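Please read the structure below before turning to the comments.
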Amino acid sequence: MFFRIIKSSILRSNDSKILAFLTIFLSVTLIACMLNITLNIGDKVASELRSYGSNIVVLPKSRNLSIEIGGKEFLPLKNDDYLLESDLHRIKEIFWRNNITAFAPFLSLNLSGYDILGTYFDKVAGVSDEPDFRSGVVSLYPFWVVDGRYPDDDSMDAVLAGVELGLKLGDVINLGDKNVKVVGILHSSENESKKIITSLKLAQALANKPNLIDKAEVSAMTIPENDLSVKARRDLESLDAVAYDKWYCSAYVSSIAYQISEEYPNAAAKAVLSVSEAQSGITKKIQSLMGIASLLSLVVSSICITSLMSSQMYRRKKEIGLLKALGAGNFIIYMQFVAEIFVVCVVASLFGCVLGYALSFALSYQIFGSFVGMSFMVLPLSVVFGFLICIIGSILPLKSVINSLPAEVLYGRK
């Protein structure tokens with residue numbers, strides 16, 4: 001009988017149920033869209049920022065022994081310490097190895113009036129368990145634009161020339177005792193626009209520094225910084241054992257840099273704070289905006305449901321009075337109306353969640369040029385939001401009608 005009454009009520013009250021369905025449907029659509037974007041925005045922002053270069057730099061430990069005199073930084077041991085190229089593979093062998101997307105070594109020198117920078121272009125990195133992993137500036141700096149082609153990584157006679165050097169494709173220049181050919185002109189890189197970019201092998205031969213590099217730059221997928229990561233960056237010793245383990249086992253840029261320092265001999269890895277702080281700031285602002293929009297949607301939808309339920313309770317007050325006169329308790333009456341709105345809520349929430357996913361994909365494609373991921377947590381959270389809308393919107397209407405007396409409702413007297 002209980003289920004028959006609910007079925008009859010849903011089919012009979014078409015207008016109010018359709019309006020309630022649309023209210024919950026549209027609200028859950030917005031909330032699901034916001035949630036899916038919020039839960040995935042960190043990865044998308046990090047991905048966008050990684051396209052502009054590295055977020056970790058690996059230097060020899062002696063580079064930390066800097067002296068500031070007259071506002072200028074001096075590195076007394078800069079020319080006496082290098083990193084070993086043969087240890088580069090260790091960068092990709094830390095706990096967060098799968099978060100390391102690219103790295104490249106660099107060796108700088110000045111020869112024949114040119115600033116020369118040796119690096120990897122697209123070389124097999126020799127990582128254990130990942131024999132096909134390739135790295136270099138091609139993947140580290142995807143924004144580089146090259147007219148011509150990149151030199152081979154083992155090339156001893158081909159180079160890139162920065163656009164501001166005024167060289168042309170096919171020009172032959174002298175670097176020390178070697179004549180090299182310009183096979184590519186580098187654009188879209190301000191720092192390297194006046195440099196000659198060579199293979200690391202050629203730069204090491206010109207500088208007579210085999211197996212040595214000045215530094216390595218690393219691009220890693222990280223999560224936005226919070227109070228824990230900031231505290232660890234400022235004073236790691238201040239963390240207790242539990243906080244340290246949580247920080248160490250989280251993909252913060254500072255924890256990844258710390259693990260690289262542990263694994264790479266004679267190296268000190270530092271986070272490029274401008275990148276990590278930009279990621280954290282953008283992510284937090286977008287998440288706050290999404291949270292406020294979701295909260296406003298919850299409040300407005302609850303008010304709409306309250307209005308619809310009040311109207312429906314008024315039309316059905318005689319039905320409620322009759323149920324009470326026949327012996328139905330407040331709990332049974334309350335459960336009847338809750339069950340009705342529950343059915344509408346579940347159906348509307350499921351349809352709203354599907355449309356919310358679609359809208360989040362469309363928005364992410366418009367903003368980032370690619371589709372955002374799909375978080376399965378959005379589905380249960382959207383249904384919960386739908387329930388909250390129904391519960392908050394139904395409290396006052398149900399309370400006012402259920403507490404009324406049968407004689408007052410049926411005969412209009414107290």
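The values are calculated or read from the model by the stated rules, or taken from the named source; none is laboratory data. These figures come from a predicted structure and were not determined experimentally. Methodologically, a virtual Cβ is constructed for each residue, glycine included, from the backbone with ideal geometry; neighbour enumeration extends over all protein chains shown. These area figures cover heavy atoms from the full protein model, side chains too; ligands, DNA and RNA do not enter into them. Shrake-Rupley method; radii C 1.70, N 1.55, O 1.52, S 1.80 Å.
Projecting the Cα atoms of Leu175, Ile116, Ile196 onto the charge dipole of region 104-208 (Cβ charges, centred on the Cα centre) puts Leu175 farthest toward the positive pole.
Evaluated with a Cβ-only charge set (Lys, Arg +1; Asp, Glu -1), region 161-245 carries a dipole of roughly 660 debye about its Cα centre, given to the nearest 20. Size of region 95-137: Rg and Dmax of its alpha carbons, in Å, are 13.7, 43. Where in region 119-153 does the label zone of Leu111 land, with the point 7 angstrom along Cα→C-beta and an amide N cut-off under 15 Å? Inside the label zone: 119. From most to least packed by mean Cβ count within 10 Å, the peptides 221-229, 291-299 give 221-229, 291-299. Under 11 Å from a label point set 7 Å out along the Cα-to-Cβ vector of Asn174, the amide N atoms of region 99-139 belong to 112. Computed across region 70-185, the Kirkwood radius stands at 16.4 Å (inverse of mean 1/r, all Cα pairs).
Note on Met374: accessible area approximately 100 square angstrom, rounded to 10, probe 1.4 Å, nucleic acids and ligands left out.
Stretch Asp227-Ser86 to full length: gain in nm at 0.36 nm per residue minus the Cα-Cα span?
Numbers: separation 141, 0.36 × 141 = 50.76 nm, distance 3.64 nm.
Difference between extended and current length: 47.1 nm.
Annotation: region 223-266 has a Kirkwood hydrodynamic radius of 10.6 angstrom, from the mean reciprocal C-alpha pair distance. As a calculated quantity, the FRET efficiency between Asn211 and Val346 at R0 = 51 Å, using C-beta atoms, amounts to about 0.20. Applying 1/(1 + (r/R0)^6) with R0 = 56 Å to the Cβ-Cβ distance of Leu239 and Ile18 gives a FRET efficiency near 0.50.
Rounded to whole numbers, the Karplus 3J(HN,Hα) couplings from phi for region 102-112 are 6, 8, 8, x, 9, 9, 9, 7, 10, 8, 6 Hz, using 6.51 cos²θ - 1.76 cosθ + 1.60 with θ = phi - 60°, and x at Gly and Pro. Histogrammed with a bin width of 10 Å, the alpha carbon distances of region 169-280 distribute as 11, 30, 24, 19, 12, 4, 0 percent, first bin at zero. At q = 0.09 Å⁻¹ the log10 of I(q)/I(0) for region 101-247 amounts to -0.37, computed by Debye summation with a single uniform scatterer per C-alpha, solvent ignored.
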